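Everything on this sheet refers to the single structure shown next.
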Amino acid sequence: MSNFFLPTHVRETLSAVERFLNAQGRSCAVVGGVLRDQLLARQSTHWNIDLAVDREALTLGGALAERLHGAFVPLDEAAGSVRIVIGAHDSASAQDKAPRIELDLNDYRAPTLEADLALRDFTVNALAAPLVSWLAAPEDTRGWIDPLNGRADLAARLLKPCFSGTFLADPLRVLRAGRFMAQLSFTLEPSALALMRSAVARLAAVSGERVRDELILLLETDRAHPALEMLNAIEALDVVLPELSQGRGVDQGDFHHLDVLGHQLEAVRQGDRMLADFAEFSPELQPVLSDYCRGTVVDRRTRKGLIKLGSLLHDIGKPSMRQVHPNGEIWFIGHEHTGADLAEPLAERLCLSNRESNLLVALVRNHLRPGFLSREAQLTRRAVYRFYKDLGEDGPACLLMWWCDRMATRGKKSRVDQIDQQRSFLEQMLQPYFFRAAEVIAPPRLVDGNQLMQALSLKPGPMIGKLLGIIEEAQAEGLIHTPAEALSLAKDACQDQGGSAA
């Protein structure tokens, strides 16, 4: 707890909240996660702070949002729950972005704060401290309110429901239990599993946004696999990702040691292992891969989580494409395309952004492609160029997801003796993206469209773009190096395709 640090911008915002409420003759309490993390000495990177007031959270929240120049987001008007978002969004430039803070202001769900805490999700979150005293001395925990002895459960790293109806009151708490297991390395109280099972069916009525947020947060940890196995065991995954359930019990033949669903879960386990530190790769790749995977696709959702989501879903097209040949071999020809077709509405159901949806679909559709390339006798610069031409900045994500898939495949016909060679191939594919992009992937133009039209007496049209593509690919292969060579190549290509070239 001595490591707890309240950043200046958070402290100033909360002080402004306290002054505003004091002027209204009102008070509030800090509750839940921020106090839990303080006791765990877990420093927050994303500041989402729960504040509880006895009544009128909607009215107070609207006025506070105006005072703090924040966005006002009603979460549950009937329950009196609102969010105030302070700080710039992704649309702002990096220089103009202010650190983002989310304040969730909630009415008591019972007549008193103690009774309200008893209706929360888990005992480790049923903690409260008066805002005024917490700001004055956040390190002094003696005045905190802890009606369910959550601090003892924190010390035991035990995730215990606050009351028997907690999951029925909000079925999303089933997923949240898995997320806390993964994020905090907590053990779930055994009696909680039966309570969670009773609420699983109700997950179908939970909004896609809420399911998405819990699922991605879970996947961004390094312990996603055990949590997903737990959610699979109680059939929660069947409700939120029914596409996965079709793979349960589907035999894949001798190249695999698991059925389709088990293999996809195992791919996440491999992602947990690999994406944690990239220790199996060369030292020069480790930091750039780490930075790449930490990069956000949209606000607060990273490539790391989406690579694991892709790993979880990469074979959802297999069940419907399964064929058993007369010799007993099992094939799934075209399953990558069927899977991509299934991934698109799935992404929409989870309310992923267009950027995230495109990435997820691309990962599923292309997950076999690195494996095919790895079988070539020699990896050519043309093959590298075309791979990244098609996948762009999602290329490394596709390669990393393929590696999760490959390492999750250990049937008796799987060539484990080829793993070192395939890892070498993987590094050969990653190296150009991070260290030689201007040479191999996106070389600077030797000529532009106007120069082509002038030199070859061409008119504007599709031919110009086609010729520029031919030139760029030849550059990437190392076949041409000068504008004169580029124009000569374009002239020959134009004549081959029946165009006019002076």
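A quick yes/no check of all residues on (1) outside the structural domain of Ala29 (by TED's automatic domain parsing); (2) closer than 28 Å to Leu350 by Cβ; (3) crowded, with 20+ Cβ neighbours inside 10 Å; (4) at pLDDT 95 or above:
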residue	(1), (2), (3), (4)
Leu127	no, no, yes, yes
Val132	no, no, no, no
Asp140	no, no, no, no
Arg197	yes, yes, no, yes
Arg210	yes, yes, no, no
Thr221	yes, yes, yes, yes
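Would you pick out the residues in the range 1-20 that are under 27 Å from Pro111 (Cα atoms), among the hydrophobic types (A, V, I, L, M, F, W, C) and touching a residue at least 60 places away in the same chain (Cβ under 8 Å)?
Initially, the range 1-20 is screened for residues under 27 Å from Pro111 (Cα atoms), giving 14-20.
From what's left, among the hydrophobic types (A, V, I, L, M, F, W, C): 14, 16-17, 20.
Those that are under 27 Å from Pro111 (Cα atoms), among the hydrophobic types (A, V, I, L, M, F, W, C) and touching a residue at least 60 places away in the same chain (Cβ under 8 Å): Leu14, Val17.
Just to be sure I understand the filter: pairs with C-beta atoms under 7 Å, separated by 6 or more residues or on different chains, first member in the range 110-128 and under 18 Å from Leu154 (Cα atoms) and in contact (Cβ under 8 Å) with a residue 12 or more places away in the chain, second member part of a helix (DSSP H, G or I) and of a type in the set (Ser, Thr, Tyr). Which pairs pass? Final answer for the pair search is Asp121/Thr166.
The listed residues are Arg83, Arg26, and the only one of them that is of a type outside the set (Val, Ile, Thr) and in a loop (DSSP other than H, G, I, E, B) turns out to be Arg26. Within the range 266-320, the residues that satisfy the criterion of being among the aliphatic types (A, V, I, L, M) and modelled with pLDDT under 95 are Val297, Val298. Please verify whether the range 369-388 includes one or more residues that are of a type in the set (Ser, Thr, Tyr), touching a residue at least 12 places away in the same chain (Cβ under 8 Å) and surrounded by fewer than 18 Cβ atoms within 10 Å (Cβ to Cβ). Within the range 369-388, one or more residues are of a type in the set (Ser, Thr, Tyr), touching a residue at least 12 places away in the same chain (Cβ under 8 Å) and surrounded by fewer than 18 Cβ atoms within 10 Å (Cβ to Cβ).
The listed residues are Glu344, Glu329, Glu356, Glu348, and the only one of them that is surrounded by 21 or more Cβ atoms within 10 Å (Cβ to Cβ) and in the same structural domain as Thr296 (by TED's automatic domain parsing) turns out to be Glu356.
Residues that are among the β-branched types (Val, Ile, Thr) and part of a helix (DSSP H, G or I) within the range 269-303 comprise just one, Val288.
For the range 391-404, the criterion of being outside any loop (DSSP other than H, G, I, E, B), in the same structural domain as Asp277 (by TED's automatic domain parsing) and loosely packed, with under 15 Cβ neighbours inside 10 Å is met by at least one residue. Here Val132 clears all of (1) out of contact with any Phe, Trp or Tyr (no Cβ under 9 Å at 6 or more places or on another chain); (2) assigned to a loop (DSSP other than H, G, I, E, B) except the condition numbered (2). Given the criteria touching a residue at least 60 places away in the same chain (Cβ under 8 Å) and in a helix (DSSP H, G or I), does Pro319 qualify? Criteria met by Pro319.
In the set Ala63, Ala78, only one residue is on the phi < 0 side of the Ramachandran plot and outside any helix (DSSP H, G or I); that residue is Ala78. Considering the range 43-56, the residues that are crowded, with 16+ Cβ neighbours inside 10 Å and modelled with pLDDT under 90 include one that is nearest to Tyr108 (Cα to Cα), namely Asn48. Among the residues making up the range 453-479, a single one is outside any helix (DSSP H, G or I) and crowded, with 19+ Cβ neighbours inside 10 Å: Leu458. Looking across Ser93, Ser15, one residue alone is modelled with pLDDT under 90 and out of contact with any Cys (no Cβ under 7 Å at 6 or more places or on another chain). It is Ser93. For Cys293, the requirement of being more than 19 Å from Leu399 (Cα to Cα), under 21 Å from the mean Cα position of the chain (by Cα), surrounded by 12 or more Cβ atoms within 10 Å (Cβ to Cβ) and not small (Gly, Ala, Ser) is not met. The condition of being in contact (Cβ under 8 Å) with a residue 24 or more places away in the chain, under 20 Å from Val34 (Cα atoms) and either out of contact with any strand residue (DSSP E or B) (no Cβ under 6 Å at 6 or more places or on another chain) or surrounded by 17 or more Cβ atoms within 10 Å (Cβ to Cβ) (or both) holds for only one of Pro161, Pro171, that being Pro161.
Kindly establish whether Val447 is closer than 30 Å to Glu284 by Cα and of a type outside the set (Asp, Glu). The answer is no for Val447. Looking only at the range 432-452, decide whether some residue is among the charged types (D, E, K, R), assigned to a helix (DSSP H, G or I) and modelled with pLDDT of 90 or more. No, that holds for no residue.
The values are calculated or read from the model by the stated rules, or taken from the named source; none is laboratory data. Everything quoted here is computed from the prediction, not taken from an experiment. Backbone-built Cβ (ideal geometry, glycine too); neighbour counts: all protein chains shown.
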